[in-house]
1. With the structure loaded, tell me whether residue 64 is in a helix (DSSP H, G or I), within 20 Å of the chain's Cα centre (by Cα) and modelled with pLDDT of 90 or more or whether it fails that test.
2. Give the residue, chosen from 10, 38, that is in contact with a helix residue (DSSP H, G or I) (Cβ under 9 Å, 6 or more places away or on another chain) and assigned to a loop (DSSP other than H, G, I, E, B).
3. Are there any pairs, at least 6 apart or on different chains, whose C-beta atoms fall under 9 Å, with the first in the range 38-66 and without any contact (Cβ under 8 Å) to a residue 40 or more places away in the chain and the second outside any helix (DSSP H, G or I) and surrounded by 10 or more Cβ atoms within 10 Å (Cβ to Cβ), and if so, which?
4. Test residue 16 against the criterion of being assigned to a helix (DSSP H, G or I), loosely packed, with under 10 Cβ neighbours inside 10 Å, without any contact (Cβ under 8 Å) to a residue 40 or more places away in the chain and within 16 Å of the chain's Cα centre (by Cα), and give yes or no.
5. Would you confirm, using the coordinates I've provided, whether residue 76 is modelled with pLDDT of 90 or more, part of a loop (DSSP other than H, G, I, E, B) and loosely packed, with under 10 Cβ neighbours inside 10 Å?
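The values are calculated or read from the model by the stated rules, or taken from the named source; none is laboratory data. Remember, predicted model here, so these are calculated numbers, not experimental data. Positions of Cβ are generated from backbone atoms using ideal geometry, with glycine treated the same way; all protein chains shown enter the neighbour counts.
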């Protein structure tokens, strides 16, 4: 089976099954010992966001609010 065929089959799976597949692949092949490499720019962005949170911990959104915002952005225009 080609990787392209496999990818097409994966894309046809329901979202919950794709998530389970990803979890299983990570469990089997993920490397917990390898450090995550992030750029200096990303480190600065994370530091800025932590500082903003510490300055006002009430100015946050729930995971559900974030996901809803992303869904709205990805909806096709009518």
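1. Working: in a helix (DSSP H, G or I): yes; within 20 Å of the chain's Cα centre (by Cα): yes; modelled with pLDDT of 90 or more: yes.
Criteria met by residue 64.
2. Details: 10 fails: assigned to a loop (DSSP other than H, G, I, E, B).
Every option except 38 fails the conditions.
3. Close Cβ pairs (under 9 Å, with a partner that is outside any helix (DSSP H, G or I) and surrounded by 10 or more Cβ atoms within 10 Å (Cβ to Cβ)) amount to 46/38; 53/60.
4. On the way: assigned to a helix (DSSP H, G or I): yes; loosely packed, with under 10 Cβ neighbours inside 10 Å: yes; without any contact (Cβ under 8 Å) to a residue 40 or more places away in the chain: yes; within 16 Å of the chain's Cα centre (by Cα): yes.
When the stated conditions are applied, residue 16 passes them.
5. Numbers: modelled with pLDDT of 90 or more: no; part of a loop (DSSP other than H, G, I, E, B): yes; loosely packed, with under 10 Cβ neighbours inside 10 Å: yes.
Criteria not met by residue 76.
Conditions (1) in contact with a strand residue (DSSP E or B) (Cβ under 6 Å, 6 or more places away or on another chain); (2) within 24 Å of residue 10 (Cβ to Cβ); (3) surrounded by 10 or more Cβ atoms within 10 Å (Cβ to Cβ), marked per residue:
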{"residue": "24", "(1), (2), (3)": "no, yes, yes"}
{"residue": "30", "(1), (2), (3)": "no, yes, yes"}
{"residue": "39", "(1), (2), (3)": "no, no, no"}
{"residue": "47", "(1), (2), (3)": "no, no, yes"}
{"residue": "54", "(1), (2), (3)": "no, no, no"}
{"residue": "62", "(1), (2), (3)": "no, no, no"}
{"residue": "66", "(1), (2), (3)": "no, no, yes"}
